[in-house]
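The values are calculated or read from the model by the stated rules, or taken from the named source; none is laboratory data. It should be emphasised that the depicted structure is a prediction, and the values quoted were computed from it without experimental measurement. Don't worry about glycine lacking a Cβ; one is built from the backbone with ideal geometry, like all the others, and counts go over all protein chains shown.
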Amino acid sequence: MLTPEFAKDYSNKTIRVITRDINALHEMGLIYKEHGKIKAKKDIIEAFKPWAKA
């Protein structure tokens, strides 16, 4: 999901920077491409989230 913060951070970036970052995430195995869309591998990303406080 594209958050407002994420959109703001990338609003002034070139397509070259965006492509570089997407390719890096793909090489790390954090995203995949499906039907022309880029999607996060949520199961992997969830493992990096800090534990929720009870």
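Looking only at the stretch 1-8, decide whether some residue is aliphatic (A, V, I, L, M) and surrounded by 10 or more Cβ atoms within 10 Å (Cβ to Cβ). No, because not a single residue in the stretch 1-8 is aliphatic (A, V, I, L, M) and surrounded by 10 or more Cβ atoms within 10 Å (Cβ to Cβ).
Check whether at least one residue in the stretch 42-54 is surrounded by 10 or more Cβ atoms within 10 Å (Cβ to Cβ) and at pLDDT 95 or above, and report yes or no. So far as the stretch 42-54 goes, no, none of its residues is surrounded by 10 or more Cβ atoms within 10 Å (Cβ to Cβ) and at pLDDT 95 or above.
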